[in-house]
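Each value in this text was obtained by applying a stated rule to the coordinates, not by laboratory testing. Bear in mind that the values here come from a model prediction, so they are computed numbers and not experimental data. Here Cβ is always computed from backbone atoms with ideal geometry, including for glycine, and neighbour counts include all displayed protein chains.
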Amino acid sequence: MYELINVDKRFPGVHALKAVDFKVNRGEIVGLVGENGAGKSTLMKVIYGSYQPDGGDITIDGTKVRFQNPRQAMDHGIGMVFQEQSLITNLTVMENIFLGFEQQFVSFGVINWRKMADAARAQLAKVKLDIDPSTKTSQLSFAQRQLVELAKVLTLEERIDGDLVILLDEPTSVLASEEVELLFQIVRDLTSRASFIFVSHRMEEVLELSDRIYVMKDGEVVDVVEHDKADKESIQHKMVGREVDKEYYREQKQKPYDGDRVLLSVDGLGFAGRFADVSFDLHAGEVLCLVGTEGSGREAILRTVFGIDRPDTGSVTVKDQKITRFSAQNGVTMGIGYLPRERKVEGIVAGMNVYENMTLSQMGNYASAGILRIGEERALAEDQVARLSIKTPDIFKDCGGLSGGNQQKVVLAKWRSGGSEILLMDHPTRGLDIGAKEDVYDMIREMSDEGVGIILVADTLEEAIGLSHNIIVLKDGEVQKRFTGAPGSKPSLYDLVHHMI
Amino acid sequence: MQGFMTRETLLKWAPVLVLIFLLLVFPIFEMTNAWAKGKEHIYLLDSRFLSIRNLARIAISATPALMVALGVTFIILMGSIDLSMEGTVSVTAVGFAYAFLWLGGTLASWAWLAIPLALLIGAAIGLINGIVHVKLRIPSFMASLAMGFVGTGFALLLTGGDRVRVEDPLFRALLTVRWMNFPIMVYVAAAFLLLMWFIQTRTKLGRNFYAVGGGEELAAASGLNVNRVRILGFMLAGICYGMGGLMAVGKIGIAETVTGANFMFISITAVVVGGTALWGGIGGVLNTLVGVLIVFVINNGMVVIGLPSYIQSAVLGILVIVAVVLSTDRRSVSFVK
């Protein structure tokens with residue numbers, strides 16, 4: 001019924017979707033699995049009209065369609081239930097359900113609330129949710145909100161002719177297991193009204209719910225598995241199934257770390273709702289990778305170690321000094337540097353120039369009595385620009401105008417020149433082109449040689465395996481498995497995926 | 001040279017171009033008027049607007065507002081807003097006048113201490129502003145607006161509605177003694193502007209203002225004590241308002257509750273028209289100088305060519321909107337790449 005034929009999508013530097021064929025039949029639940037970056041979210045955005053494909057066709061019942069925006073997709077019966085819930089919490093349930101479509105209840109410019117409540121009740125009945133439609137959304141549990149969201153999408157049924165296709169993006173990530181069961185029951189019952197596309201990191205759930213499963217890798221659909229023939233192991237193999245290029249990740253430059261010098265020690269660290277009981281040591285010259293799916297707690301651990309978040313349990317010890325004050329300021333003083341994932345938000349200050357960004361975390365070293373020694377700042381920046389071959393016309397250039405790779409180099413230069421011995425890197429290569437990525441890999445190796453300890457959340461599993469001395473696999477905030485990764489005896493992708501999902 | 005006249009550079013220099021345009025447009029108005037009256041020889045040098053006397057008049061009237069606008073520049077650079085200037089100027093002016101008279105009434109005595117005292121009062125009000133904003137987590141515009149009203153009320157309480165005259169000839173020399181046709185207060189203002197420029201470009205504090213305004217989360221993640229920077233910023237602004245109060249008293253020799261009136265609109269207009277971005281991170285005190293000059297050149301020029309004052313307000317209002325629209329576009333350019 002709904003079909004993508006040969007759909008292509010390119011972004012600058014990335015071929016995100018490569019000739020994807022995708023089909024949903026009436027009343028079917030289709031699963032979609034793949035690693036981070038395999039193209040799942042791009043595919044979903046094409047399906048619900050947020051992206052327009054560069055090539056190929058979208059057809060509904062054999063008729064070609066083209067959506068300029070999600071609203072047009074909705075008019076053709078495509079609805080999306082968002083992972084990050086899109087309900088406005090200070091509005092009531094019924095206002096949320098009919099947001100933007102209140103006109104049907106308006107007479108003489110006034111909303112007939114009773115009529116809207118009745119209509120909302122009918123929608124809520126479809127998802128078997130028995131609540132007063134005039135409840136404020138903020139008073140509902142997450143599971144209830146998820147169902148309201150589903151009810152909101154189901155209003156399409158009355159609004160349009162034809163069949164519905166509903167996308168569920170990670171609908172279970174915030175639900176408890178009995179709530180998941182309830183949601184699945186409702187989804188199954190609703191197949192008489194709509195087809196579903198189900199995206200989840202939890203392999204068991206996809207296997208349980210889906211009639212067919214699309215497996216994606218590198219922007220391609222590598223396999224379509226029927227429910228009866230699906231088994232976890234083979235799907236996981238298909239999701240990864242490629243060899244790591246040793247050269248690319250500078251494996252030949254990987255040297256053993258100094259096992260006697262512990263830079264950072266984390267013991268029983270826990271943060272309610274994010275992660276629990278995490279322990280590890282970081283040594284001089286070591287690259288430690290935290291591996292897991294989105295929301296497995298990797299980023300939260302980095303933020304806590306740096307000091308942005310205060311842990312509920314456990315302790316962090318930096319160079320034999322136990323941390324009692326958790327603040328970013330204290331983290332910097334202890335010699336920890338942090339490369340956040342959102343370079344634009346937390347990495348560089350756009351509007352400030354290269355040398356100003358480089359000394360931002362260490363202005364104290366370049367000032368006497370509050371007055372900056374700008375000459376020294378500039379000398380430092382000139383030196384770092386030359387050493388890291390940062391491509392910028394001069395050090396007075398606004399950092400916001402540099403390319404992503406060069407911005408990342410500026411951030412690295414900032415922490416390294418400030419004497420940070422521990423670096424926390426969250427997706428340092430995200431959004432960089434290949435050349436810039438290799439530069440970052442080189443820099444990581446060089447820093448290891450100088451005795452810097454690095455905790456890395458890598459952009460891909462290959463990157464994690466290729467770069468790391470040790471790997472910790474996390475799932476739902478808990479440590480699942482530890483691997484050591486000396487060159488030649490590195491774990492395979494499959495080993496990791498197996499424990500991740 | 002390619003890319004020289006980019007949109008960016010054009011916008012950066014737009015305030016200066018506007019100022020130059022204004023400095024030329026008023027004499028041209030004058031000339032056409034003179035022409036209409038049948039004068040035969042018309043020279044730019046004949047312009048009443050461009051006469052030294054008139055330029056000095058513009059400089060004098062702009063001086064107190066420049067002091068106030070410099071203070072609010074730093075606050076806007078941090079992405080906050082401070083609306084306490086009217087109350088702060090009144091309190092510092094009245095406080096200065098009373099202390100000055102009580103301590104002897106002439107600069108030649110201990111009464112000079114009233115000057116640092118006025119700046120201290122300004123800093124103290126700024127400190128309270130900052131603490132209320134940061135520690136009680138109240139949006140800066142609300143915290144400072146409330147403090148401003150408290151200040152105006154306090155000034156009224158002190159004076160009981162009376163005017164306090166400061167007639168010491170030594171203090172009034174700020175206005176009465178002229179070097180090269182400009183009174184001393186203009187040179188004092190210039191020196192203060194230089195000091196603020198030094199703070200902005202050469203000190204940790206100045207750099208921190210830009211960091212907080214350009215990316216507060218990043219500044220925090222780089223180990224900056226953002227709260228401290230904010231409070232210091234409000235204190236610095238308070239000192240600037242104190243300078244504004246002193247200049248206002250120096251200008252007319254009177255301190256009263258309404259000494260601070262009208263500073264809010266004029267100073268914020270000047271900062272924005274000068275090209276400092278309202279969300280912070282872009283701009284600086286030199287922009288503010290240009291902005292203040294634009295505002296006062298318009299005021300003065302319109303008087304010279306004989307336009308009524310309500311048109312001046314309308315023109316200033318439109319100028320603010322144009323300035324914000326232009327600078328907003330600059331921001332989205334850097335987003336879109």
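Couple of notes before you dig in:
- Over 22 Å (Cα to Cα) - which of A:9/A:64; A:23/A:126; A:9/A:217 fall in this group: A:23/A:126
- Comparing B:68, B:272, B:303 in a Gaussian network model of chain B, where Cα atoms under 10 Å apart are tied by springs, the biggest mean-square fluctuation is seen for B:303.
- For residues of A:360-370, the mean tally of beta carbons on other chains within 10 Å: 4
- Applying both filters, DSSP loop and at most 13 other Cβ atoms within 10 Å, to the GluC sites (Glu not before Pro) of the stretch A:375-479 gives A:450.
- Label sites at residue A:104 and residue B:12, each approximated as a point 7 angstrom past Cα along Cα to Cβ, lie 5.6 nm apart.
- The mean number of Cβ atoms from other chains found within 10 Å of a Cβ in peptide B:199-208 is 5, as a whole number.
- Residue order, fewest to most beta carbons within 10 Å, for A:214, A:51, A:257: A:51, A:257, A:214
- Per-residue Cβ neighbour rank within 10 angstrom, fewest leading, A:126, A:319: A:319, A:126
- Average other protein chain Cβ within 10 Å of Cβ, residues A:318-329: 2
- Global size of the stretch B:64-261: 17.1, 54 Å for Rg and Dmax (C-alpha atoms, Rg to one decimal, Dmax whole).
- Sequence-separation-based contact order of the stretch B:207-282, relative, with Cα cut under 8 Å and 6+ spacing, percent: 43
- Among B:181-191, B:113-123, A:330-340, the order from most to least packed when residues are scored by Cβ within 10 Å on average: A:330-340, B:113-123, B:181-191
- Kirkwood hydrodynamic radius of the stretch A:2-239, from inverse mean 1/r over distinct Cα pairs, in Å: 18.6
- Modelled label reach - residue A:309, point 7 Å along Cα→Cβ, the stretch B:214-228 residues with backbone N closer than 19 Å: B:217-218, B:220-223
- The simple spin-label model puts a point 7 Å past each Cα toward its Cβ; for residue B:326 and residue A:371 those points are separated by 3.5 nm.
- Fully extending the segment from residue A:192 to residue A:59 would add 45.7 nm, taking 0.36 nm per residue of separation and subtracting the current Cα-Cα distance.
- Amide H contacts under 5 Å for residue A:222, placed H, 5+ residues apart: A:215, A:216, A:217
- Shape summary of the stretch A:347-418, radius of gyration then Dmax from alpha carbon positions: 11.1, 35 Å.
- Shape box of chain B [Cα atoms, principal axes, largest first, Å]: 65, 60, 33
- Listed residue pairs exceeding 30 Å between alpha carbons, taken from A:255/A:397; A:45/A:115; A:40/A:232: A:255/A:397; A:45/A:115
- Cα-Cα pairs of the protein assembly as shown separated by more than 41 Å (percent): 51
- Taking amide hydrogens as placed 1.01 Å from N in the peptide plane, the amide H of residue A:312 sits under 5 Å from those of A:270, A:271, A:272, each at least 5 positions away in sequence or on another chain.
- Summary value for the stretch A:401-484: 26 percent relative contact order, contacts being C-alpha pairs under 8 angstrom separated by 6+ residues.
- Placing a pseudo-label 7 Å from each Cα along the Cα-to-Cβ vector at residue A:403 and residue A:492 gives an inter-label distance of 3.6 nm.
- For peptides A:349-357, B:78-86, sequence by mean Cβ density within 10 Å, most packed first: B:78-86, A:349-357
- For residue B:254, residues with placed amide H under 5 Å, excluding near neighbours: B:166
- Arranged from fewest to most other beta-carbon atoms within 10 Å of their beta carbon, B:172, A:188 become A:188, B:172.
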